[in-house]
Amino acid sequence: MISAIIVDDEQKGRESLKLLINEYCPKVEILTLCSNVSDAYNSIIKMNPDLVFLDIQMKDETGFDLLKKFDKVNFEVIITTAHSNYAITAIKYSAIDYLLKPIDVVELQDAVARVDEKRNTPDLLQRLGNLIENVKVSSVEEYKLAIPSSDGLMFIKATDIVYCEAEGNYTTFNLKNGKKYIVSKTLKEYENILNYHQFFRIHHSYLVNLKEIVKYTRGEGGFVTMSNAINLDVSKRKKESFLERISSV
């Protein structure tokens, strides 16, 4: 069983999530419902849950205020929020699960399944610590992206990535220092995270850091020369939107 606490300042939000969990997530046992940071902190200390469903915006407090109270976080977190743009980039960069309200049952089940898989892994403190740091930064370019490695997670700055390349269900990260990291996630997943600002998918195989483009050479689609001297094709169907995007960087 996964013991859990729900933290949400709205009674309807707390109760509806509890009902969904009771009906669709039989492995989760709800220990208590909390309406504010103080109650949640005391309940976590007392009950030591495996998982906390944490609302982001709670009147004059945030879910991040709760996390900051712990020197050592030994519980998994699933962020819940009604604000699709509120800190979502920081959450995605930090490999923390989140659910948008109204909560979808399938997404809830998937998030709980991932928590069950990740429990007791050593990277929890890194992920949550990285989330807190990412929330503090003022520019998405300074966010650290969490990518899985053979023994946990690595955290790399978006600005250190030259481009990402798709290889089936894998993604290769090519960094400024010449290092390469292969990750067992699709390029689409990282496009959804990195496309907010300086990254653009110029081809089905390439997601590039626009600030690392040295030259664009015209052609049917053309190609770009990156700062590491690698040439990458721009697909014909991406050409127009790419040229519009690059002009604003």
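Using the beta-carbon distance between Glu240 and Leu175 and R0 = 25 Å, what value does 1/(1 + (r/R0)^6) give for FRET efficiency, to the nearest 0.05? Present the calculation step by step, with values, prior to reporting the outcome.
Numbers: r = 29 Å, r/R0 = 1.17.
That pair, Glu240 with Leu175, gives E of 0.30.
Positive end of the charge dipole of region 1-90 (Lys, Arg +1 and Asp, Glu -1 on Cβ, about the Cα centre): tell me which of Thr81, Ile30, Asn48 has its Cα farthest that way.
Ranked along the dipole, the leading option is Asn48.
Taking only the Cα atoms of the chain, how large is their convex hull per residue, in Å³? Spell out each step's value before the answer.
Details: hull volume 33.9 nm³, N = 249.
With only Cα atoms used, the chain gives 136 Å³ per residue.
Looking only at Lys179, Lys18, Lys92, which one moves most when the chain is put into a Gaussian network model with springs between Cα atoms under 10 Å?
Largest GNM mean-square fluctuation: Lys179.
Around Asn228, with a cut-off of 9 angstrom between Cβ atoms, what is the net charge of the other residues, counting Lys and Arg +1 and Asp and Glu -1? Mind showing how you got there, number by number?
Values: positive: Lys176; negative: Glu212.
Once all neighbours under 9 Å are counted, the net charge is 0.
Specify the residue with the greatest mean-square fluctuation among Glu23, Glu142, Glu61, computed from a Gaussian network of the chain linking alpha-carbon atoms under 10 Å apart.
Of Glu23, Glu142, Glu61, the most mobile in the Gaussian network model is Glu23.
Can you give the charge dipole size of the chain about its Cα centre, rounded to the nearest 20 debye, using +1 on the beta carbon of Lys and Arg and -1 on the beta carbon of Asp and Glu? Could the numbers behind the result be given before it?
Working: 32 positive and 35 negative charges, 188 e Å.
Around 900 debye, computed over the chain.
Taking the Cα centroid of region 173-249 and of region 1-49, what is the distance between the two, rounded to the nearest whole Å?
After rounding, the separation between the Cα centres reads 42 Å.
To the nearest 0.05, what FRET efficiency results for Ser248 and Lys68 with a Förster distance of 45 Å applied to their C-beta separation? Numbers along the way, then the final one.
Details: r = 35 Å, r/R0 = 0.79.
Computed FRET efficiency for Ser248 and Lys68: 0.80.
Mind giving me the FRET efficiency for Lys188 and Ser227? R0 is 30 Å, r the Cβ-Cβ distance, nearest 0.05 is fine.
On the way: r = 24 Å, r/R0 = 0.81.
So, using R0 = 30 Å, E works out to roughly 0.80.
Which semi-axis lengths, in whole Å and largest first, follow from the square roots of five times the eigenvalues of the Cα gyration tensor of region 2-136? All intermediate terms of the calculation are to be shown ahead of the outcome.
Details: eigenvalues 71, 55, 51 Å².
Semi-axes (√(5λ), whole Å): 19, 17, 16.
Using alpha-carbon pairs under 8 Å, 6+ residues apart, how would you state the relative contact order of the chain in percent? It would help to have the intermediate numbers written out before the result.
Values: 422 pairs, mean separation 26.4, N = 249.
Averaging sequence separation for qualifying contacts and normalising by length gives 11 percent for the chain.
If the cut-off is a Cα-Cα distance under 18 Å, which lysines reach Lys72, setting aside same-chain residues fewer than 8 apart in sequence?
The reachable lysines, counting only those whose Cα sits under 18 Å from Lys72, are Lys46, Lys118.
Please give the length that would be gained between Lys211 and Leu19 if that part of the chain were fully extended, namely 0.36 nm times their separation in residues minus their C-alpha to C-alpha distance (nm, one decimal).
Numbers: separation 192, 0.36 × 192 = 69.12 nm, distance 4.71 nm.
Value of the extension gain: 64.4 nm.
Just so you know, all these numbers are worked out from the coordinates, no wet-lab data involved. These figures come from a predicted structure and were not determined experimentally. Don't worry about glycine lacking a Cβ; one is built from the backbone with ideal geometry, like all the others, and counts go over all protein chains shown.
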